[in-house]
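I have placed the structure first, in the form of structure tokens, so that the comments after it can refer back to it.
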Amino acid sequence: MASGGCDLKGSVQDVDPEIAELIKLEKQRQVRGLELIASENFTSQAVLDCLGSCFTNRYSEGYPGRRYYGGQVYVDKLELLCQQRALAAFGLDSAKWGVNVQPYSGSPANFAVFTAIVEPHGRIMGLDLPDGGHLTHGFMTTTKKISATSVFFESCPYKVNPDTGLIDYDQLLYTARVFKPKLIIAGMSCYPRNLDYDRFRAIADEVGALLLADMAHVSGLVAANVVNNPFDVCDIVTTTTHKSLRGPRSGMIFYRKGIAVALKQAQSPEFKTYAKNVVDNAKAFGEALKNFGYTVVTGGTDTHLLLVNFKPLKLTGSKVEYTLEQISITANKNTCPGDKSALNPSGVRLGTPALTSRGFTASDFHKVAEFMHKGITLAQEIQANSPSTLLKDFKTTLHSELFQPKIDELMHQVEEFAATFPMPGN
Ligand SMILES: *Cc1c(COP(=O)(O)O)cnc(C)c1O
């Protein structure tokens, strides 16, 4: 027995079997099903190893060479290495760009930027949440300020054209001339197309705003040069590390070794191939879904994600999300251009980074589209047999004797298919 009456040596399995069981179950869930959440990925074993290292024991306030606490010699080396790799991964000249690798995640990174360069209640403009923006870009409704960004700053969103689903840059310019923002944010969580950073730059220059690119979703694709690069024209660029970049999900100092490993991996020719495959797979996936008759917003994708609108099928995003989850396909409901409610959106967002990390090719994504089509076809039958349009009734009908066996059958097919693809990590 170790000191203090606590077992400090035992494994999770020995010390806390309850938590160990949950980890095991989640791992099985990840392996068994098809992961299509566009903001998720499967990180490498090397990154997972770093997340469990002794660096987790340290406090390291300040910057390398200028810490509050002592004993930072290796922490400093680690953070400097991570900075170098961050610059190298995006091909940046250290004479021109610096990097802070300390944020815990994308949201605190954005908030740090806002507080640093915009005064309290200063004006910012980001893509509206229902149009594909992120909560931290200032989302509010007519009655409620939803994000902290909209509480502490004055936010005026820009929109996509509801017919094409594409960002309306003319309207952005028009609004920016009137609103005169201090900061314009070019970034998205559900917009499948390339951002026109040059256009953003021209608008920002015309109204005297700073330009922030939040490349959280696409940073892996930027590192591999398969989508537009924000660094050429933007003043500041923020990102998460756990989406298409495939690193750990946090910028905590302890995890930075993990970020550093992911950033080393992101510079390899293999990663470039990976990122290209991510985009090619998304395009193939989109074509396959269109061939099944689905409405793909903007007609396709330039990136890793697709947005499918189920309004033409009179299904909701929630019903499709729920049905897919029952057949071991994970994706999330999402607003489509023109939706009125963020709580009951008409679309589902799909992303290819995670399954591409498992080695999926374009033809495998055709198969995924086929499984989805079978699931959605079932969802339509379920809807037709459901007493009302409520999600509650939909779920009851799905779990009825009539449909549960069909759902289970499809789930087994999906899991059998998923089992043929190895996971990175063990
Ligand atoms: C995911 C995301 C973030 C925030 O990341 P968290 O890790 O959830 O804090 C910020 N901006 C954009 C555009 C994102 O997609």
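Restricting the first member to segment 194-218 and to residues that are more than 16 Å from the ligand (Cβ to nearest atom), and the second to residues that are among the aromatic types (Phe, Trp, Tyr) and not in a strand (DSSP E or B), the beta-carbon pairs closer than 8 Å and six or more apart or on different chains are Asp196/Tyr169; Arg199/Tyr169; Ile203/Tyr169.
Just give me the residues in segment 168-200 being within 24 Å of Thr301 (Cα to Cα) and among the aliphatic types (A, V, I, L, M), in sequence order.
Residues satisfying the conditions are Leu172, Ile184, Ile185, Ala186, Met188, Leu195.
Cβ-Cβ distances below 7 Å connect the following pairs, each with a first residue in segment 173-186 that is of a type in the set (Val, Ile, Thr), a second residue that is part of a helix (DSSP H, G or I), and a separation of six or more residues or different chains: Ile184/Ala176; Ile184/Phe200; Ile184/Ile203; Ile184/Ala204; Ile185/His137. Among residues of segment 219-243 being at pLDDT 95 or above and among the aliphatic types (A, V, I, L, M), the one that is surrounded by the fewest Cβ atoms within 10 Å (Cβ to Cβ) is Val226. Under 30 Å from Gly351 (Cβ atoms), out of contact with any Gly (no Cβ under 6 Å at 6 or more places or on another chain), exposed (fewer than 11 other Cβ atoms within 10 Å of the Cβ) and of a type in the set (D, E, K, R) - does that describe any residue in segment 39-53? No, that holds for no residue. Sub-6 Å Cβ pairs linking a first residue in segment 90-109 that is within 21 Å of Thr149 (Cα to Cα) to a second residue that is modelled with pLDDT of 90 or more and more than 14 Å from the ligand (Cβ to nearest atom), at least 6 apart or interchain, number zero. Of everything listed in (1) away from the ligand (no atom under 13 Å from the Cβ); (2) under 23 Å from the mean Cα position of the chain (by Cα); (3) not in a helix (DSSP H, G or I), the single unmet condition for Pro181 is (2). Check segment 238-256 and report whether any residue there is touching a residue at least 60 places away in the same chain (Cβ under 8 Å), of a type in the set (A, V, I, L, M), more than 11 Å from the ligand (Cβ to nearest atom) and in a strand (DSSP E or B). No, segment 238-256 contains no residue that is touching a residue at least 60 places away in the same chain (Cβ under 8 Å), of a type in the set (A, V, I, L, M), more than 11 Å from the ligand (Cβ to nearest atom) and in a strand (DSSP E or B).
Scanning segment 381-403 for residues that are buried (at least 17 other Cβ atoms within 10 Å of the Cβ) and of a type in the set (S, T, N, Q) returns Gln383, Ser386, Thr397.
Only residues that are part of a helix (DSSP H, G or I) and either of a type in the set (Phe, Trp, Tyr) or touching a residue at least 60 places away in the same chain (Cβ under 8 Å) (or both) were counted in segment 383-412, giving 8. Answer yes if at least one residue in segment 84-106 is of a type in the set (Val, Ile, Thr), within 16 Å of the ligand (Cβ to nearest atom), more than 29 Å from Tyr274 (Cα to Cα) and outside any helix (DSSP H, G or I), and no otherwise. No, segment 84-106 contains no residue that is of a type in the set (Val, Ile, Thr), within 16 Å of the ligand (Cβ to nearest atom), more than 29 Å from Tyr274 (Cα to Cα) and outside any helix (DSSP H, G or I).
Considering segment 142-163, and only residues there that are of a type in the set (Val, Ile, Thr) and more than 23 Å from the chain's Cα centre (by Cα), the residue that is farthest from Gly347 (Cα to Cα) turns out to be Val151. Looking across segment 138-148, just one residue is more than 16 Å from the ligand (Cβ to nearest atom) and within 24 Å of Leu195 (Cβ to Cβ), and that is Met140. The number of residues in segment 114-137 that are part of a helix (DSSP H, G or I), buried (at least 22 other Cβ atoms within 10 Å of the Cβ) and within 11 Å of the ligand (Cβ to nearest atom) comes to 3.
The residues in segment 189-214 that are assigned to a helix (DSSP H, G or I) and acidic (Asp, Glu) can be counted, and the count is 3.
The values are calculated or read from the model by the stated rules, or taken from the named source; none is laboratory data. These numbers were taken from a predicted model, which means no experiment stands behind them. Cβ atoms come from the backbone with ideal geometry, glycine included; neighbour counts cover every protein chain shown.
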